[in-house]
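Engineer: Quick one: the structure is below, and I'll ask about it shortly.
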Amino acid sequence: MSNNKKILLVEDNKDDVELTLRAFKKNNLLNEIIVKCDGAEALDFFFGKNGVAVKNYNDLPILILLDLKLPKIDGIDVLKKIRADKRTKLIPIVILTSSKEPGDLLSCYRLGCNSYIRKPVDFSQFTDTVKQLGLYWLLTNESPQLL
């Protein structure tokens, strides 16, 4: 499945990036996946180095998979900034993290994440989680960007 709907994966762990990409491919979720390795890169993708939005509306991803424990700018601050901008605030954001901190979960929902998923350690569970995530957010969910 691919229809030019881009996914932004913000993840600093190379092994988790590779597992995510493999899980999408294994489940025939063939969307373009743009990988950013820290929070600063993710924000630059949307807003440029000087804080001014530089992306065309049509270039925005349909889904953001966001880790919380990121170098430079953490995932919670990335979530805040994306939700504060009128062009990006409606993009679905799924927190995909190993954090088990109840405070992280609560903060993310208060800031407007659409889902909070703890990364399974087992590869087959991880693959199944990514499959379900992809099928829901890429096929079932109606995005306001498409209306």
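Engineer: Out of everything in the stretch 25-46 that is farther than 29 Å from residue 86 by Cα and touching a residue at least 40 places away in the same chain (Cβ under 8 Å), what residue ends up being surrounded by the fewest Cβ atoms within 10 Å (Cβ to Cβ)?
Structural biologist: 26
Engineer: Residue check, residue 60 against (1) among the hydrophobic types (A, V, I, L, M, F, W, C); (2) closer than 29 Å to residue 121 by Cα; (3) within 13 Å of the chain's Cα centre (by Cα), all met but one. Which one?
Structural biologist: (2)
Engineer: Here are some conditions: (1) surrounded by 16 or more Cβ atoms within 10 Å (Cβ to Cβ); (2) more than 20 Å from residue 20 (Cα to Cα); (3) modelled with pLDDT of 95 or more. Residue 110 meets all but one. Which one does it not meet?
Structural biologist: Among (1) surrounded by 16 or more Cβ atoms within 10 Å (Cβ to Cβ); (2) more than 20 Å from residue 20 (Cα to Cα); (3) modelled with pLDDT of 95 or more, the lone unmet condition for residue 110 is (1).
Engineer: Conditions first: (1) of a type in the set (Ser, Thr, Tyr); (2) under 15 Å from residue 66 (Cβ atoms); (3) surrounded by 15 or more Cβ atoms within 10 Å (Cβ to Cβ). Residue 127 passes all but one, so which condition is the exception?
Structural biologist: Tallying (1) of a type in the set (Ser, Thr, Tyr); (2) under 15 Å from residue 66 (Cβ atoms); (3) surrounded by 15 or more Cβ atoms within 10 Å (Cβ to Cβ), residue 127 fails exactly one: (2).
Engineer: Suppose we filter 73, 95, 91 for residues that are surrounded by 14 or more Cβ atoms within 10 Å (Cβ to Cβ) and more than 25 Å from residue 144 (Cα to Cα); which single one remains?
Structural biologist: 73
Engineer: On to the next question. If I go through the stretch 113-124 residue by residue, how many of them are among the hydroxyl-bearing types (Ser, Thr, Tyr) and either surrounded by 15 or more Cβ atoms within 10 Å (Cβ to Cβ) or at pLDDT 95 or above (or both)?
Structural biologist: 2
Engineer: Given the criterion part of a helix (DSSP H, G or I), under 20 Å from residue 129 (Cα atoms), touching a strand residue (DSSP E or B) at 6+ places or on another chain (Cβ under 9 Å) and at pLDDT 90 or above, identify the matching residue among 96, 105, 79, 65.
Structural biologist: Unique residue meeting the criteria: 105.
Engineer: So, one more: Applying the selection to the stretch 101-147, what residues are among the acidic types (Asp, Glu) and within 17 Å of residue 91 (Cα to Cα)?
Structural biologist: Result: 142, single match.
Engineer: Please go through the stretch 21-36 and pick out each residue that is hydrophobic (A, V, I, L, M, F, W, C), over 12 Å from the mean Cα position of the chain (by Cα) and at pLDDT 90 or above.
Structural biologist: 21, the sole residue that qualifies.
Engineer: Quickly run through the stretch 82-93 and pick out the residues that are touching a Gly at 6+ places or on another chain (Cβ under 9 Å) and either modelled with pLDDT under 95 or outside any strand (DSSP E or B) (or both).
Structural biologist: 82, 83, 89
The values are calculated or read from the model by the stated rules, or taken from the named source; none is laboratory data. Just so it is clear, the model here is predicted, and its values are computed rather than measured. For neighbour counting, all protein chains shown are included, and Cβ atoms are generated from backbone atoms with ideal geometry for every residue, glycine included.
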